[in-house]
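This report refers to the structure that appears directly beneath it.
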Amino acid sequence: MARYRVRWINGIRVMEHRIVWEKYHGRKIPDNCKIHHRDGNGRNNSVENLQLVSCSEHSRIHFGWGKRGNEWLKCCPSCHQYKSMSEYFIRKDNRPREICKVCDAKRSLLYQKTHPEKHNARSARYYRLHKEEIMEKQRLKRQRKKAGVSYDP
Ligand SMILES: [Zn+2]
Ligand SMILES: [Zn+2]
């Protein structure tokens, strides 16, 4: 069975949930918005089950994020605590990581212990690739220490 119900209107394939929402609310679905099925069943097109959300909100919902008041929270599958966006590392493509910062740190520490050779090889490789950067950082650190400044710029 298809995930969503479709209808054909004048030979054009349309998602039924979009028609139901637009008919009930008497307006078009704005660009950049999507209709989310609250119960997760894409074929349940009753009006109460359809929620208008922005595209970015929609992908957050599907990655396990939920809104409480004004704050987005997600349950970390590792420690089972609800945490806000700032408590997760954000990937380069703006997607937060699956597990929270605390669990991430624990996991990499554990990795260091259980796979010391791999970890060392990885750090050696990292060092080779970023040698100049690292040396510059160390140089700045020494300089700051000398000057008695402790904060990172
Ligand atoms: Zn959805
Ligand atoms: Zn966690």
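Data table
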| quantity | calculated |
| --- | --- |
| Restricting the range 59-111 to trypsin sites (Lys or Arg not before Pro) in coil, as DSSP defines it, with at most 14 other Cβ within 10 Å | R91, K92, R97 |
| Separation in nanometres of the label points that stand 7 Å from Cα toward Cβ, at K92 and H25 | 3.6 |
| Taking the C-alpha atoms of the range 59-111, convex hull volume expressed per residue in Å³ | 81 |
| About the Cα centre, charge dipole magnitude for the range 82-142 (Lys/Arg +1, Asp/Glu -1 at Cβ), debye | 140 |
| Given charges at Cβ of Lys, Arg, Asp, Glu: the chain dipole, positive-most of P77, G40, A147 | A147 |
| Gain in span if fully extended, K101 to R38, counting 0.36 nm per residue against the direct Cα distance | 19.8 nm |
| When the convex hull of its Cα atoms is projected in every direction, mean area for the range 1-44 (nm²) | 3.7 |
| Ratio Rg/Rh [Cα only; Rh per Kirkwood] for the chain | 1.19 |
| Rounded to the nearest 20 debye, dipole of the range 12-99 from Cβ charges on Lys, Arg, Asp, Glu | 160 |
| Helix-only [θ]222 nm of the chain, DSSP H runs n ≥ 4, -39500 (n - 2.57) each, per residue, nearest 500 | -13000 deg cm²/dmol |
| Within the chain: Cβ-based charge dipole about Cα centre, in debye rounded to nearest 20 (Lys, Arg +1; Asp, Glu -1) | 620 |
| Modelled FRET efficiency - R0 25 Å, K67 with E16, Cβ distances, 0.05 increments | 0.45 |
| Total formal charge among the other residues, if their Cβ is under 10 angstrom from that of R18, Lys/Arg +1 and Asp/Glu -1 | +2 |
| Translational diffusion of the range 10-81, µm² s⁻¹ [Kirkwood Rh, Cα pairs; Stokes-Einstein; 4 °C; 1.567 mPa s] | 94 |
| Sum of side-chain charges, M85 neighbourhood, beta-carbon under 10 Å (Lys, Arg +1; Asp, Glu -1) | +1 |
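None of the figures in this text is laboratory data; all of them are computed from the coordinates on show. Computed from a prediction, not measured in an experiment: that's the story for all the values here. Cβ coordinates were reconstructed from backbone atoms using ideal geometry, including for glycine residues, and neighbour counts include every protein chain displayed.
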